[in-house]
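Worksheet for the structure shown next.
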C-alpha cells in the first residue's frame with residue numbers, strides 16, 4: 001500500500017504544529033529570531049508552509065514581525081507576564097480540577113510514564129528534553145478535562161510563556177525534585193481529587209514566578225543599560241574632541 005502524499009494543508013498543519021510544540025516546550029528563547037529556511041530544512045519541507053505557519057503565529061501574537069523579513073519570539077514585559085500568570089492560574093487550575101475526576105487508570109499510567117521520563121532527563125541534565133516532556137505532561141492533563149475551548153486557551157498562553165522556560169535554564173529553581181508540584185498533580189489525578197490537582201498546578205506556576213521575574217528584570221536592566229552606555233561613550237567622545245580642538 002502506497003503512502004498517501006502530503007497535501008498543502010497537511011504540510012501547513014505539520015509546520016504549524018511543530019513550531020507550536022517547540023515554542024511551548026521552550027526551545028526558542030525570548031528575542032530569538034527564527035530563520036525560515038533553517039526551520040524548513042529541519043522539517044524536510046519547502047519554505048512555503050513554514051512561512052504560512054509563521055504568519056499564523058504572528059497573527060496569534062505568539063511571534064512578532066521585525067522589519068520586512070525577520071520573525072522573532074516576543075520579549076515579554078513584567079506586566080504582560082503578570083497577566084499571563086493570572087490567566088494560567090485560573091485556566092490551568094480549572095482544567096486540572098476538571099481532569100481529576102475523569103481520569104482512568106490508563107490515563108494515570110500514561111502520566112506517570114511521562115513524569116518518569118521527565119525525572120530521568122532532569123537527572124541526566126537534559127533540560128531541553130525535560131521541557132519537552134513537561135509540556136507533554138501538562139497538555140495530557142488538560143486534555144483529560146474534555147473541554148477543547150479551554151484547552152485551546154491554555155495552549156495560547158503556553159505559546160507565550162513557553163520561551164520563558166528556556167530562560168529559566170540560567171535561573172535555578174532551587175527546589176528538590178521530590179517536592180516538585182507535578183507529583184501533587186499526579187496525586188490529585190490518581191485519587192480523583194480536584195482540589196489537590198488544582199493546587200499542584202498553582203504550586204508549579206508559583207514555583208516559576210520568582211526566577212522568571214528575575215530573568216525579566218535582568219534583561220530589562222541590560223537593555224536599559226545599553227543605550228545609556230552608548231550615550232556616555234558618545235558624550236565622552238565629544239568632550240575629547242572638544243579638548244583636542246581647544
Checklist entry - Suppose R0 equals 45 Å; then what is the FRET efficiency for residue 35 and residue 116 from their Cβ-Cβ distance, rounded to the nearest 0.05? => result 0.80
Checklist entry - How far apart, in nm, are two points set 7 Å out from the Cα along the Cα-to-Cβ line at residue 10 and at residue 206? => result 4.7 nm
Checklist entry - Roughly how compact is the range 1-116, stated as its Cα Rg over 2.2 N^0.38 Å to two decimals? => result 1.34
Checklist outcome for this item: For the pair residue 143 and residue 214, the simple spin-label estimate (label points 7 Å beyond Cα toward Cβ) gives in nm 3.4 nm
Checklist entry - Which of the peptides 107-118, 68-79, 131-142 is most tightly packed, and how do the rest follow, judged by the mean count of other Cβ atoms within 10 Å per residue? => result 131-142, 107-118, 68-79
Checklist entry - What is the gain in length, in nm to one decimal, between residue 191 and residue 56 on full extension, counting 0.36 nm per residue of separation less the C-alpha to C-alpha distance? => result 44.6 nm
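Every number here is computed from the coordinates shown, using simple stated rules; none is lab data. A quick note: this is a predicted structure, and the numbers were derived from the prediction, not measured. When we count neighbours, we look across all protein chains shown, and the Cβ atoms used for this are built from the backbone with ideal geometry, even at glycine.
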